[in-house]
1. Restricting attention to the stretch 47-87, and to residues there that are in contact with a Ser or Thr (Cβ under 7 Å, 6 or more places away or on another chain) and outside any helix (DSSP H, G or I), which single residue is farthest from A195 (Cα to Cα)?
2. Hey, P213 hits all of (1) more than 18 Å from A176 (Cα to Cα); (2) buried (at least 20 other Cβ atoms within 10 Å of the Cβ) but one; which does it fall short on?
3. So V97 clears everything in (1) in a helix (DSSP H, G or I); (2) surrounded by fewer than 22 Cβ atoms within 10 Å (Cβ to Cβ); (3) of a type in the set (A, V, I, L, M); (4) out of contact with any strand residue (DSSP E or B) (no Cβ under 6 Å at 6 or more places or on another chain) except one condition, right? Which one?
4. Do you know which residues across the stretch 256-278 are assigned to a helix (DSSP H, G or I) and closer than 22 Å to D225 by Cβ?
5. Output the residues belonging to the stretch 165-184 that are assigned to a loop (DSSP other than H, G, I, E, B) and surrounded by fewer than 14 Cβ atoms within 10 Å (Cβ to Cβ).
6. Looking only at the stretch 53-83, which residues are in contact with a Lys or Arg (Cβ under 7 Å, 6 or more places away or on another chain) and closer than 22 Å to L121 by Cα?
7. Check whether at least one residue in the stretch 203-223 is small (G, A, S), in a strand (DSSP E or B), touching a strand residue (DSSP E or B) at 6+ places or on another chain (Cβ under 6 Å) and without any contact (Cβ under 8 Å) to a residue 60 or more places away in the chain, and report yes or no.
8. Return the only residue of A227, A268, A274 being over 30 Å from A28 (Cβ atoms), buried (at least 20 other Cβ atoms within 10 Å of the Cβ) and modelled with pLDDT of 95 or more.
Amino acid sequence: MTLLTRRRFLTISAACAAVSARAAPASAQWAGIALGAPASLRLEGLSPTEAAPIFAAVEAELNRLEDVFSLYRPESEISRLNQTGILTSPDPELLNVLSLCSALHTASDGAFDPTVQPLWLALANGASQAEIDRVRHLIGWDEVSVDIDAIRLPHRGRSAITLNGIAQGAITDRIAALLRSFDLQDVLVDMGEIAALGRRNSGELWRIGLSGPDGTIAKRIRVQDRAVATSAPAGTILRGNQGHILNPQGKNPTHKAASVSAPQAALADGLSTALCLMPVSDATTMVSRFPGSQIEMLI
C-alpha cells in the first residue's frame, strides 16, 4: 500500500479569466498537513475572516482523524491495533474504512490488501531477502477479524495493517462532509486526494491536473461534486528499487500511475491504489463494480 508521505500525483489548475481584485468574488484558502502530506482547502464565496472559524473546525477534525488513522502517532487507533493485535471499541470511521477495504479486496481479487504493512516495513528497513520471505506469510486480509466491538489481527505482535492507500481519501470525504454542514456548496478539498464540490466563483467547473510518475501533467479533467485520486508506485522507492505500492503476491506493479474519479474520495483512493497492480481488463471490470466510478488515466 502507500506511504503516508507519498508524493502526491494530483495538481490543481486554478487559472481563470483575469478580473480586477475589486470585482473578484471572495474566496478563502487554507494550507496545512494531513497524514504527513500537504493539504489545502479553497472556499468560494467567503472572505478569510468569515472562513477563520470554519478552518479552525477543520483543523480540530483533522487532529481527531489523525488519532484514528495515523501510523506516526503511537496512540492512534491503527497504531494500537498493530502494536497489540487487537483494538476494542473501534471508531466508526475506522470500521467504515475497513468495510470498504473488504469490498476492494474482493473486487480486486486480493490485489488491494492492507496487511502488506510488515512487508513494507521489511523493505523500507533494508531487511534481508530471507526476512522478506518470512514476513510474506503474514499477508492475508481474509484472516483479519472486523467487528463492531473489536478488530483482531491473526498474528498478534507480528501482523500489521496500513491504510495508506485509502485513509487520505477517507479524510478528504470527512472534511468535505464537515464543510457541507456549514452549508458551503462551492469548495475544493485536497487532503492528499481531492473532492470538488460545486463550482468555482467564475461559474466554471473545477479543473484538476493528473500527473504521471515524472511529475508532469498528463491529462486535465473538469469535475463537479466528485472526488479524484491518483496513485503511482514510484512515488516512494523502497529496497531494491521497489515501489511503495506492494502486490501481496509479490508481483511487480502493472501501471506507473492510475487516476480514478468517484462519488467518494476513499473509494477513488482505494481503486487507484489497486489499479496500479492490475491488468487493464481486470481493472476495468473491478471499477465497474462500484457505481459512479471511472478510470481517468492509466499509464
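The values are calculated or read from the model by the stated rules, or taken from the named source; none is laboratory data. Remember, predicted model here, so these are calculated numbers, not experimental data. Don't worry about glycine lacking a Cβ; one is built from the backbone with ideal geometry, like all the others, and counts go over all protein chains shown.
1. Going through the qualifying residues, I end up with G85.
2. (2)
3. Every condition holds for V97 apart from (2).
4. Of everything in the stretch 256-278, those that are assigned to a helix (DSSP H, G or I) and closer than 22 Å to D225 by Cβ turn out to be A265, A266, L267, A268, D269, G270, L271, S272.
5. We begin by selecting, within the stretch 165-184, every residue assigned to a loop (DSSP other than H, G, I, E, B); these are 165-166, 182-184.
Residue satisfying the conditions is D183 alone.
6. E66, D67, S79
7. Checked the stretch 203-223: no residue is small (G, A, S), in a strand (DSSP E or B), touching a strand residue (DSSP E or B) at 6+ places or on another chain (Cβ under 6 Å) and without any contact (Cβ under 8 Å) to a residue 60 or more places away in the chain.
8. On the way: A227 fails: over 30 Å from A28 (Cβ atoms); A268 fails: over 30 Å from A28 (Cβ atoms).
Within the list A227, A268, A274, the selection yields A274.
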